[in-house]
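Here the structure is laid out as structure tokens; the discussion comes afterwards.
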Amino acid sequence: MDRKVVIFDHPLIQHKLSILRDLRTPTKDFRDLVNEIAMLIMFEATRELPLEDIKVETPCGTADCKQIAGRKLAFVPILRAGLGLVDGCLKLVPNARVGHIGLYRDEETLQPVEYYCKLPKDIEERDVFVVDPMLATGGSAIDAINQIKLRNPRSIKFLCLIAAPEGLEKLEEAHPDVDIFCAGLDDHLNENGYIVPGLGDAGDRIFGTK
Ligand code: PRP
Ligand code: URA
């Protein structure tokens, strides 16, 4: 099956993304919106989960229904900003496990620096959704997925709020088997590796650290 790259054009996502970008949006609203958009992205990213037939007794008869056929999911936020998407994802799939990968970009080299990795023990049986608000140079996403692949999960998808064309291209090239879902695709990276127009520093805006 061909790999998917989805850039959303849904009006709700576009509307929420506009508020998120606004530099006047306060921390609490920013955090809420990140979770709401994460939920909307996850709704689409789980579209291909397999179903099985079940019968359900209603007050008026028997209905032929469907249920998700026992797939196990894991959400893996890239620390720290990826944490902002986890609650939204868990609202849709409350039984998913959550792993964590700690990476930050060195401000000079823009290369990812790893400081933490804790993934579910049974990750080999799980479909993994790596979540991070920003795909800028692509270094952090590529590195996180490299680490997860060492543990042989069933599949990996990557979800983000805003991607730069440079990072998207690099991620597509490095991991051609990973489906990618971005709420928005922006114009370019500036000389400091920030997405333009983007939304600024996602971690600082989620946690109010600047
Ligand atoms: C941000 C963002 C990504 C990374 C993207 O994290 O959340 O993880 O930058 O940049 P890249 O595609 O060029 O690697 P940051 O390094 O600012 O760390 P933080 O989440 O701890 O704030
Ligand atoms: N990380 C962010 O938080 N924002 C960017 O624009 C790029 C990397």
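Lys210: which lysines have alpha carbons under 23 Å from its alpha carbon, excluding same-chain residues fewer than 8 sequence positions away?
Once the sequence-local lysines are set aside, what remains near Lys210 is Lys16, Lys28.
Report, ordered by chain and residue number, the lysines lying within cross-link reach of Lys149, taken as a straight Cα distance under 28 Å and ignoring same-chain residues fewer than 8 apart.
Those lysines meeting the cut-off are Lys4, Lys72, Lys91, Lys118, Lys121, Lys157, Lys170.
Give me the distance between the Cα centres of region 10-40 and region 62-94, rounded to whole Å.
Using only Cα atoms to place each centre, the spacing works out to 20 Å.
Let me have the 222 nm mean residue ellipticity of the chain computed from DSSP H runs of 4+ only, each contributing -39500 (n - 2.57), with the sum over all residues rounded to the nearest 500.
-9000 deg cm²/dmol
Show which lysines lie in cross-link reach of Lys55 when reach means a straight Cα distance below 18 angstrom and same-chain residues fewer than eight apart are skipped.
Partners within reach: Lys66.
Could you tell me the extents of the chain's C-alpha atoms along the three principal axes, largest first, rounded to whole Å?
Cα extents, longest axis first: 63, 38, 30 Å.
With the crude spin-label approximation of a point 7 Å out along Cα→Cβ, what separation in nm comes out for Asp106 versus Ser155?
3.6
Once amide H atoms are built 1.01 Å from N in the peptide plane, which residues 5 or more positions from Phe129, or in another chain, come under 5 Å H to H?
Long-range HN contacts for Phe129: Ala74, Phe75, Val76, Lys157.
Once both labels are modelled 7 Å past Cα along the beta-carbon direction, what's the Gln67-Glu44 spacing in nm?
Between Gln67 and Glu44, the simple spin-label model gives 3.0 nm.
Using the alpha carbons of region 90-203, what is the convex hull volume per residue in cubic angstrom, as a whole number? Mind showing how you got there, number by number?
Working: hull volume 12.1 nm³, N = 114.
In region 90-203, the Cα convex hull volume per residue is 106 Å³.
Kindly provide log₁₀ I(q)/I(0) values, in the same order as q = 0.24 Å⁻¹, from the Debye equation applied to equal alpha-carbon scatterers of region 1-96.
Treating every Cα as an identical point scatterer, log10 I(q)/I(0) equals -1.29.
Hey, what did the chain get for relative contact order, percent, Cα under 8 Å, at least 6 apart?
Averaging sequence separation for qualifying contacts and normalising by length gives 23 percent for the chain.
Computed from the coordinates by the stated procedures, all read-outs in this text should not be read as laboratory data. Keep in mind the model is a prediction, meaning the values are calculated, not measured. Reconstructed Cβ throughout: ideal geometry from the backbone, glycine too, with neighbour counts over all protein chains shown.
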